[in-house]
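Notes follow the structure.
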Amino acid sequence: MLRSLVGSEMCIRDRDYLVGAGYSKVLVIGYTNNTDHDHWVLTSSPSYDDAYGAAWNHRDLAGHDHLYFSANSGSGVYELVDIDLTLLTATMVQLLPSLVTSNNDGMNCLLSVVPFAPTYAPTDS
């Protein structure tokens, strides 16, 4: 679940968002119609040199979105857990390994059982 969405932009309820990731970057596009949009390029942490071939969203029964990305290189399946539009940063957590492939697509599974154990964003100690 995206646990931290910092920046007043993410509080605008009348907007939809597209999110993509790859090569240590996360692209967020917020839009209200075909002509009104903003975008942010965030640096992801930890740093990954992978292309993500699949991305998908699970919305749990509590209404929280879980955004997942699968690396083509086989380095794993990752969950995007934090976005900070002020600092232009994002945090991804590796959930499990994946297979090397260039044959993968994403999907949305809204109101379904989330297929992974809950993750928690790293904290500074």
**Request:** Identify the single condition in (1) within 17 Å of the chain's Cα centre (by Cα); (2) in a loop (DSSP other than H, G, I, E, B); (3) at pLDDT below 70 that Phe116 does not satisfy, given that it satisfies every other one.
**Result:** (3)
**Prompt:** Given the residues His58, His66, which is the only one that is in contact with a Lys or Arg (Cβ under 9 Å, 6 or more places away or on another chain), modelled with pLDDT under 85 and within 24 Å of Val113 (Cβ to Cβ)?
**Reply:** His66
**Prompt:** Out of (1) in contact with a Gly (Cβ under 9 Å, 6 or more places away or on another chain); (2) on the phi > 0 side of the Ramachandran plot; (3) among the aliphatic types (A, V, I, L, M), the odd one out for Leu85 is which?
**Reply:** (2)
**Message:** Can you go through Tyr17, Tyr52 and tell me which one is under 19 Å from Thr86 (Cβ atoms) and at pLDDT 75 or above?
**Reply:** Tyr17
**Message:** I'm trying to understand the selection: among the residues of segment 39-81, which are touching a Phe, Trp or Tyr at 6+ places or on another chain (Cβ under 8 Å) and either farther than 21 Å from Leu95 by Cα or without any contact (Cβ under 8 Å) to a residue 40 or more places away in the chain (or both)?
**Reply:** Asp49, Asp50, Ala51, Tyr52, Ser70, Ala71, Asn72, Ser75, Val77
**Message:** Can you tell me which residue is surrounded by the fewest Cβ atoms within 10 Å (Cβ to Cβ) among those in segment 16-34 that are free of Cβ contacts under 8 Å to residues at least 40 places away in the same chain and among the aliphatic types (A, V, I, L, M)?
**Reply:** Leu18
**Asked** If you take the residues in segment 66-97 that are open to solvent by 50 Å² or more (accessible area, probe 1.4 Å) and part of a strand (DSSP E or B), which one is farthest from Gly20 (Cα to Cα)?
**Response** Leu96
**Asked** Of all the residues that make up segment 17-59, how many are among the aromatic types (Phe, Trp, Tyr), within 25 Å of Thr101 (Cβ to Cβ) and not in a loop (DSSP other than H, G, I, E, B)?
**Response** 2
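The values are calculated or read from the model by the stated rules, or taken from the named source; none is laboratory data. Because the structure is a prediction, the values reported are computed rather than measured. Reconstructed Cβ throughout: ideal geometry from the backbone, glycine too, with neighbour counts over all protein chains shown. Note: areas computed on protein heavy atoms with side chains; ligands, DNA, RNA excluded. Shrake-Rupley method; radii C 1.70, N 1.55, O 1.52, S 1.80 Å.
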